[in-house]
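Participant: Here's a structure for you.
The values are calculated or read from the model by the stated rules, or taken from the named source; none is laboratory data. This is a predicted model, so every value here is computed, not measured. Virtual Cβ from ideal backbone geometry, glycine too; neighbours counted across all protein chains shown. With ligands, DNA and RNA removed, areas are computed over all heavy atoms of the protein, side chains included. Shrake-Rupley method; radii C 1.70, N 1.55, O 1.52, S 1.80 Å.
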Amino acid sequence: MRRARRVIAIAAFTLASCSSQVLPASTPTSDAVILRLYTTTATVRLTNALTLSYARLYPSVSFDILVSNYEGVVDRVGALEQVYFVTSHLPPIEEVPLWAAPIGQDGIAIITHPDNPVSDLSLPQLRAVYQGKITNWRELGGADHEIIVISREAGSGTRAEFERLVMGTRDITQSAIIAPSSAAVVTSVSREPNALGYVSMSYIESSVQAVRVGGALLTRKSVYDNTYPLRTTLFIAGLEEPQPEAYRMFIGWVQSQPGQAIVASLHAPLLMPEAGE
């Protein structure tokens, strides 16, 4: 992809306390507007929820959405002008300089089959499993069964964040089963009683269980207050700061109270509401 002209600039267009109503500065005109918005698989549920709600509020706005892993999304964005994407991963600015606006916070869930008795893993244990140094659940206090390690593919933003937060410079074991999407990780773990995988917190459902990491349970509050260790920021990013008003209003709405309420239904918001709100 071509090099962007700007480095990462974390900007908040309209963010204020979640206790006050903040709306776009003006409403879109009656002329039809199509916004091209791409998303990684980790953030596709959030992207769909945000765009559907915004389109209901402003019927003149529609979205052209593409879903891919992080690498695929960035390649597409680099080939086009005025394209923005939703992601839980940004690379170092010396690799891919991007403009980015924060819209929420995500936690990486470490998931097992609901029947697995292991309910807590330390970061060193998790790292050792993904290195292939711990291969049996018995070593973690579970039953005498081989651990089936599930990982995302190279180019996945969730994998990049997992490697940054857990693995450092260490390689993931070559025996890991590679899943092509967040949904595929959940499906694999739900069908294999001895599997271990990782996904965005927005993918936690009853068919899998999220184990504690270092004693910390994954919740929106534990992500927000930094007690859960596997956290990352959610962004809307692009090659440069958006100039078309329609993009700026959409991002501003996502950072406003109504948009943040939607973010909070799947992830942790930028600001947690005060008690009693």
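Participant: Suppose we filter 188, 207 for residues that are closer than 29 Å to residue 127 by Cβ, out of contact with any Asp or Glu (no Cβ under 8 Å at 6 or more places or on another chain) and not in a helix (DSSP H, G or I); which single one remains?
Facilitator: 207
Participant: Also, quick follow-up: Can you confirm whether residue 271 is surrounded by fewer than 23 Cβ atoms within 10 Å (Cβ to Cβ) and aliphatic (A, V, I, L, M)?
Facilitator: Numbers: surrounded by fewer than 23 Cβ atoms within 10 Å (Cβ to Cβ): yes; aliphatic (A, V, I, L, M): yes.
Yes, satisfied.
Participant: Can you pull out the residues in region 128-154 that are within 24 Å of residue 41 (Cβ to Cβ) and either among the aromatic types (Phe, Trp, Tyr) or open to solvent by 20 Å² or more (accessible area, probe 1.4 Å) (or both)?
Facilitator: The answer is 130, 148, 153, 154.
Participant: A further question follows. Would a scan of region 161-181 turn up a residue that is modelled with pLDDT under 95 and among the polar types (S, T, N, Q)?
Facilitator: yes
Participant: Is there a residue in region 256-266 that is open to solvent by 10 Å² or more (accessible area, probe 1.4 Å), more than 22 Å from residue 40 (Cα to Cα), part of a loop (DSSP other than H, G, I, E, B) and of a type in the set (Gly, Ala, Ser)?
Facilitator: Within region 256-266 (the criterion being open to solvent by 10 Å² or more (accessible area, probe 1.4 Å), more than 22 Å from residue 40 (Cα to Cα), part of a loop (DSSP other than H, G, I, E, B) and of a type in the set (Gly, Ala, Ser)), the answer is no, since none of the residues qualifies.
Participant: Is there a residue being farther than 30 Å from residue 68 by Cβ and touching a residue at least 12 places away in the same chain (Cβ under 8 Å) anywhere in region 146-162? Steps first, answer last, please.
Facilitator: First pass over region 146-162, keeping only residues farther than 30 Å from residue 68 by Cβ: 146.
Restricting the remaining residues to those that are touching a residue at least 12 places away in the same chain (Cβ under 8 Å) gives 146.
Yes, that holds for at least one residue.
Participant: Okay, next question. Based on this model, can you work out whether residue 39 counts as modelled with pLDDT of 75 or more, surrounded by 12 or more Cβ atoms within 10 Å (Cβ to Cβ) and closer than 19 Å to residue 247 by Cβ?
Facilitator: When the stated conditions are applied, residue 39 passes them.
Participant: If you go through region 210-223 one residue at a time, how many are touching a helix residue (DSSP H, G or I) at 6+ places or on another chain (Cβ under 9 Å), open to solvent by less than 60 Å² (accessible area, probe 1.4 Å) and outside any loop (DSSP other than H, G, I, E, B)?
Facilitator: Adding up the residues that qualify gives 4.
Participant: Here is a further query. Give me the residue from region 155-181 that is in a strand (DSSP E or B) and open to solvent by 10 Å² or more (accessible area, probe 1.4 Å) and, out of that set, nearest to residue 113 (Cα to Cα).
Facilitator: Once the filter is applied, the top-ranked residue is 177.
Participant: Just wondering, is there one or more residues in region 193-207 that are open to solvent by 80 Å² or more (accessible area, probe 1.4 Å) and modelled with pLDDT of 95 or more?
Facilitator: The answer is yes, given that some residue of region 193-207 is open to solvent by 80 Å² or more (accessible area, probe 1.4 Å) and modelled with pLDDT of 95 or more.
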